[in-house]
Number of protein chains: 2
Amino acid sequence: MYPVTLDGKSVSAKRKEIKEYFNNTFDLFEKVFELLRDESVFYKKSEPTRHPMIFYFGHTATFFINKLVNMKIIKERVNAEYESVFAVGVDEMGWDDMDESNYRWPSVSDVRAYRNSVRELINRLITELDFTLPIRDDSAMWIILMGIEHERIHIETSLVLHRQMPIADIKEVTAFNICEHSGTAPKNEMLEMKGATVKLGKEKNHHLYGWDNEYGSYSELVKDFQVSKYLVSNGEFMEFVQNGGYETSEYWDEEGLEFLKRSGTKHPHFWQKDGENFKYRALSKVIEMPLDWPVDVNALEAEAFCRYKSKKEKKEYKLPSEAEFRLLYEYANLEDVPQLHESRANLNFYHYASSCPVNEFGFNGIYDVIGNVWQWSRTPIRGFKGFEVHEAYDDFSTPTFDDKHALILGSSWASSGNLMMKHSRYAFRKHFFQNAGFRYVISSNNSESKDIYESDALVSQYCEFQYGDTHFGVENFALSCAKLAEKYTLNRTKALDLGCATGRASFELAKSFDAVEGIDFSVRFVQVGSKLKEDGYIAFSDVIEGELTQHKRVTLQELGYEELADRVSFWQGDACNLKPNFKSYDFIMATNLIDRLYNPKLFLESVDERLNEDGILMLTSPYTWQESSTKKEFWLGGYEDEDGNAIRTLDSLKRVMSEKFELVAVEDLEFVIKETQRKYQHTVSQVSIWRKR
Amino acid sequence: MYPVTLDGKSVSAKRKEIKEYFNNTFDLFEKVFELLRDESVFYKKSEPTRHPMIFYFGHTATFFINKLVNMKIIKERVNAEYESVFAVGVDEMGWDDMDESNYRWPSVSDVRAYRNSVRELINRLITELDFTLPIRDDSAMWIILMGIEHERIHIETSLVLHRQMPIADIKEVTAFNICEHSGTAPKNEMLEMKGATVKLGKEKNHHLYGWDNEYGSYSELVKDFQVSKYLVSNGEFMEFVQNGGYETSEYWDEEGLEFLKRSGTKHPHFWQKDGENFKYRALSKVIEMPLDWPVDVNALEAEAFCRYKSKKEKKEYKLPSEAEFRLLYEYANLEDVPQLHESRANLNFYHYASSCPVNEFGFNGIYDVIGNVWQWSRTPIRGFKGFEVHEAYDDFSTPTFDDKHALILGSSWASSGNLMMKHSRYAFRKHFFQNAGFRYVISSNNSESKDIYESDALVSQYCEFQYGDTHFGVENFALSCAKLAEKYTLNRTKALDLGCATGRASFELAKSFDAVEGIDFSVRFVQVGSKLKEDGYIAFSDVIEGELTQHKRVTLQELGYEELADRVSFWQGDACNLKPNFKSYDFIMATNLIDRLYNPKLFLESVDERLNEDGILMLTSPYTWQESSTKKEFWLGGYEDEDGNAIRTLDSLKRVMSEKFELVAVEDLEFVIKETQRKYQHTVSQVSIWRKR
């Protein structure tokens, strides 16, 4: 099954195509979970840092609902609890809660029933949503496609997780039959590639769905280079293993040595020691070592191999860059889907549910340019010029623009949908396992490096707001809020900073509270506080005039937070549907939050459950109600009711809150957000302090 | 020829349709000018308050270019001089310069050559512009359609102007043959119409081009009413004339009496006294009175007739409302173009280049629901709920939302394109002549009235900025600027306030200057200062929270400007292409203007020509460069040049200006713009004072 194109002549025909594509995706994803031997396996994890399988089983369905709710395309949730606990599972970073003792996971059959409800809803939306062709990224139908492509990603990553499970937990499934043939490894050789100016990035009006990182433009002059004809096979990699590659520290960089130390790895992850020899772990089978199949390694192992080979041959081997890979792609005369016939390469589940020999699929003399396994690159992922986040999924890429996530190229046997498109760009931490191997190049092309965050203007604006200078004599807002917190609280064991943005107030609150949890809806923001805590500094750019910016850097030490960092933790979360484990606070602060929620009442009506007795809730807001954040029917003020009475937010707050809270104080508090050296937002928020009855 | 639809399957087929429609429109417009007997007539006016014919002949072509330049779709003008002098000709208000002695109009053949160049360019753009289907209002092709529909309007209004010219100046043209038959007037009668809830306004994704005022929604419960079967014929109106209708002041309201006094009118404008009787002026012929054709009158005459008939019959006759008319439309089982066949009514030049008998085109028993002549309504035009201006033509409608412009309904024999669409909404001052007559109703439905400006949030925000309260201790910006003007000028005969917005600084400058001209690009803004001067007050709404606003009213008296008003005048103009007659100033002030121009250098390089010797130019700006106002290639600062040097605006100003100006002083000046009661823009503009060398 091929991904749908965004253009076409008939809306009704497009509905039909999308519906087929959606149901095929949903089916295939569920089929992947048939590999788990029994229901108990759903509650196991493939790695300590990942969620148990049941999480992923629910996650791809909740994703649709969460995006549709946030984009205000639907108003009702299907199951608020599931849509909170199955919400976040990305990457292994600090902002999601992996402490499973906090969760009581639902049963497999309940989640299956939930998935069926979601499937029914999505099918109905595909039939009913108003849209025009071509589908653009501001269309409601784009959100459906986003959900589908998100699920396609999880089809591939779940297959990796399943392959990492003990073989006893996995059963064979006919749909996922592996390749049955293998032989000796072909001798690899270097091919000459002509350099050229490479242009990457696709246009906004491209006819295939794309993730944010695919759009924009990038141009690089690539010099002539050499590239290996084949992916590195298990046979080729064997020499590295047998020559003590994993034990020779000069082949590994700092991150690689750390990986070896933590994991104790002595050979590729999917090789299994069998006396003197190795067997090979396929998805649901352990087989004799297929020497002519590509080796599955992470980026650190691939880099170590390159260093080993460089030393041995006195030439510099390295992984290809993104731009070099595009030249291979052109050289291979490849066409993008849907023109490409899927039989031409080992992808889209067309041939096998496993790798196959590295000399089986050739393209103009070079093999596996696409398909078989992904190929690690030496290029850290970044946004192209003109990069913009999509508002429905603003943290798809930006958390990976940190120079620590390397692009994987070319797709694998488990890739379908967007994953196998020419312009797709996926990146992982270098120690992660995917269906990935590598090929090597000899190249004098460089990859320059660029500081994190600079491309994210809004995050930088908030960094400057929270960590930058003061203006017009108005005190730093985060500091003022923390002072008010101290003024109005008696118990100070645990505080919640809801809508924490880049985290400054969380650190400030830690001066008076033993523990502070900072939560924001956007991972882009949460990662700033998290980085300050973990790395001891943050960097951002402050706008001078037009596009001119000055680089700023703030350290934990300068801020005097070195002793406080352990008290603070940061999490991604939706204030309207917060996970149940965020509770037992003495103080909850919601700064400039309520007029940005899709349903503020939903938050206000249950926030008391998270507060301890006598707990204090502090709301600050300028009540800037706008349809883009909150549909008018959910505004708490700023409108006239049916009788023509002016409804003000503070009055609504009193009405909504009075049963459970006592209003302690109301004050005004100014803040200033710098847009440029000469332009500022100057706002007078209203602070209301509420004590739980 | 029918207007093109916005949807379709093939972009290339749509290009072909648009090209045909464009050339047909351009041809037809030029055909209308063949009615002028010779070239000398091009330099005559039909009314003292209108431009000479040559203006209109150039205007419809320059409109295309001005909109395309302003929307940054093209970068080069075709003829900057023409595109300045032919730019504004709407309505008879104070903001355009009608003093013809200021112009030296170009020759007809030069303008014709110019039109040919424009035609060629537009044809090329229709072939080359990138667009998708359906065409939406953010498409470049929308601007082409806007130009076409604008020209369709001028086809109709030019025909009215030509009909107002002395018959000796007009010749017959075969394409414009009038109806050849007429007879006695049919006796009019009243038909019962069932009430219903009427919904007006069309959706953004409607398949026909629309002007801003057509979108949004409006709902009204219309009670049962009665309506005249026919339009009022010349025969029916004759009784009013013969019974002294024009001499009986009780039939006329204040505005009507003013019209009678000023014009000396004793009978319909297109009737010509011929002894005891009347003849009838058609487009290019004077004929025997066609008693069964509709009378052509303005709204004041139509209202007077209703009062006369009401008094005579002791029933209340009035003009139909917009909502009532929609019920007629439904009752008539009319379909919108392109379903409607043009042969069904006297419109689109299908039958005649004149009116025809009122009993010739019937629809379900009621006649001339569309076509023949427009029908005056009693409804002043306003924006529907959700009204938004189109950024390319922000003054299409808003200047008419003043309760002084009445909607005309149903289209005429000279209507084509958007003019004959179901959802089109055109309004004129009540004393204006169009191809318009009327029918009457007996109705208990009211039309409520609403204050001017309230629907225009941006204009209101600027009114509050210029005439409202001060905040954070920052002095009113218009007052501060006027003080600086006084500080730095010696000669104070004439000042120009360029980018005058709602005009406050122009009045303030009049305290020190003998004459002040305020110019703004947007008529929406210019009309505020103009209204303050003419009517002695302005009203606007100040946002409290969300949609809640407070009504504010400021008078000339309160401001202490009563003695100054005569010194101030307001004009619409484009700072990058100002008309030549704006010159000989001692002082030019451009406040917060240069970073909003599409090509600021164009302005700066020629502004010296408008200054007297020793004249002072004062620029204030926060240098908030943004692509939406100024394409990056035209920014004066806020970017890095090719060598990586940071380019700041002040340095560029010095470079651009140094040859012709001496820099006298640079200061910072704050201003605060209120968005809501709690949210403000707080800006520090840089003021630079330049003396002409």
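Would you mind checking region A:156-200 for residues with the amide N under 18 Å from a putative spin-label position 7 Å along Cα→C-beta of A:Asp38? Under 18 Å, as judged by backbone N against the label point of A:Asp38, lie A:166-173 of region A:156-200. Can you figure out the FRET efficiency of B:Tyr350 with A:Asn205, using R₀ = 51 Å and their beta-carbon distance, to the nearest 0.05? Efficiency for this residue pair is about 0.80.
Listed as lacking a disulfide-compatible partner in chain B: B:Cys306, B:Cys463, B:Cys481, B:Cys500, B:Cys576, by the criterion of no other cysteine Cβ under 4.7 Å.
The calculated 222 nm mean residue ellipticity attributable to helices in chain A amounts to -9000 deg cm²/dmol, summing -39500 (n - 2.57) over DSSP H runs of n ≥ 4 and dividing by all residues. Take B:410-422, B:352-364, A:213-225 and order them by the average number of nearby Cβ atoms within 10 Å per residue, most first; the result is B:410-422, B:352-364, A:213-225. Along region B:657-669 the Karplus relation, 6.51 cos²θ - 1.76 cosθ + 1.60 evaluated at θ = phi - 60°, assigns HN-Hα couplings of 8, 4, 5, 10, 10, 10, 7, 8, 7, 10, 9, 9, 9 Hz to successive residues, with x for each Gly and Pro.
The same position A:Lys9 in the other copies lies at 0.3 nm from this copy, comparing label points 7 Å beyond Cα toward the beta-carbon, shortest first. For region B:623-666, the set of GluC sites (Glu not before Pro) satisfying both a DSSP loop assignment and a count of at most 14 other C-beta atoms within 10 Å is given as B:Glu627, B:Glu642, B:Glu659. Distances between equivalent label points of A:Asp614 across the copies, with each point positioned 7 Å along Cα→Cβ, amount to 7.8 nm, shortest listed first. As a length-normalised measure over Cα pairs under 8 Å and 6 or more apart, the relative contact order of chain B settles at 12 percent.
The simple Förster model, with R0 at 30 Å and r as the Cβ-Cβ distance, assigns A:Lys31 and A:Lys187 a FRET efficiency of 0.20.
Amide H to amide H distances under 5 Å link A:Ile647 with A:Gly638, A:Tyr639, A:Glu640, A:Asp641, where only residues 5 or more positions off or on other chains count and H is placed in the peptide plane. For region B:515-577, GluC sites (Glu not before Pro) are listed when DSSP marks them as loop and at most 11 other Cβ atoms sit within 10 Å of their Cβ; the list is B:Glu563.
Of the cross-linked pairs B:Lys318/B:Lys422; A:Lys19/B:Lys204; A:Lys631/B:Lys204; A:Lys318/A:Lys552, those separated by over 25 Å at the C-alpha level are A:Lys19/B:Lys204; A:Lys318/A:Lys552.
The H on the amide N of A:Thr549, modeled in the peptide plane, is under 5 Å from the matching H of A:Ile544, each at least 5 residues off or on a different chain.
If R0 is 41 Å, the Cβ-Cβ spacing of A:Arg262 and A:Arg693 corresponds to a FRET efficiency of close to 0.25. Counting Cβ atoms of other protein chains within 10 Å of each residue's Cβ and taking the mean over peptide A:621-628 gives 4.
Placing a label point 7 Å from the Cα of A:Glu475 along the Cα-to-Cβ line, the residues of region A:545-587 whose backbone N sits under 18 Å from it are A:560.
Modelled spin-label separation between A:Asp651 and B:Glu120, with each label point placed 7 Å from Cα along the Cα-to-Cβ direction: 6.6 nm. Closest approach of any chain B Cβ to the axis that rotates B onto A belongs to B:His682, 2, distance given in whole Å. The phi-based Karplus calculation (6.51 cos²θ - 1.76 cosθ + 1.60; θ = phi - 60°) puts the 3J(HN,Hα) values of region B:276-290 at 7, 9, 10, 9, 10, 8, 8, 3, 10, 8, 9, 10, 4, 4, x Hz, whole numbers, x for Gly and Pro. Remark: mean inter-chain Cβ contacts per residue of B:669-678 equal 4, using a 10 Å Cβ-Cβ cutoff to other protein chain atoms. Rounded to the nearest Hz, the phi-derived 3J(HN,Hα) couplings of region B:355-363 under the Karplus curve 6.51 cos²θ - 1.76 cosθ + 1.60 (θ = phi - 60°) are 5, 8, x, 5, 10, 8, 10, x, 9, where x marks glycine and proline. Between the amide H of A:Glu670 and those of A:Ser685, distances stay under 5 Å, these residues lying 5 or more places away or on another chain, with hydrogens modeled in the peptide plane. The modelled label-to-label distance for the pair B:Arg112/A:Ser10, using points 7 Å beyond Cα in the direction of Cβ, is 5.2 nm.
Here the label points at A:Asp641 and B:Lys19, each 7 Å from Cα along the C-beta direction, are separated by 6.2 nm in the simple model. Taking a spot 7 Å from the Cα of A:Lys194 along the direction of its beta carbon, which residues of region A:326-355 have an amide N less than 19 Å from it? The answer is A:326-335, whose backbone nitrogens lie closer than 19 Å to the label point.
Full extension of the chain between A:Glu247 and A:Glu330 gives 26.0 nm of extra length, using 0.36 nm per residue less the Cα-Cα distance. Inter-copy label distances for B:Lys204: 1.4 nm (label point placed 7 Å from Cα along Cα→Cβ; shortest first). Across peptide A:542-554, the mean count of Cβ atoms from other chains lying within 10 Å of each residue's own Cβ comes to 5.
Rolling a 1.4 angstrom probe over chain B with all protein chains present gives an accessible area of which 45% lies on carbon and sulfur atoms.
The values are calculated or read from the model by the stated rules, or taken from the named source; none is laboratory data. Keep in mind it's a predicted model, so treat the numbers as computed, not measured. Note that we place each Cβ from the backbone using ideal geometry, even for glycine, and neighbour counts take in every protein chain shown. For the accessible areas, the whole protein counts, side chains as well, though only heavy atoms, and no ligand, DNA or RNA atoms are used. Shrake-Rupley method; radii C 1.70, N 1.55, O 1.52, S 1.80 Å.
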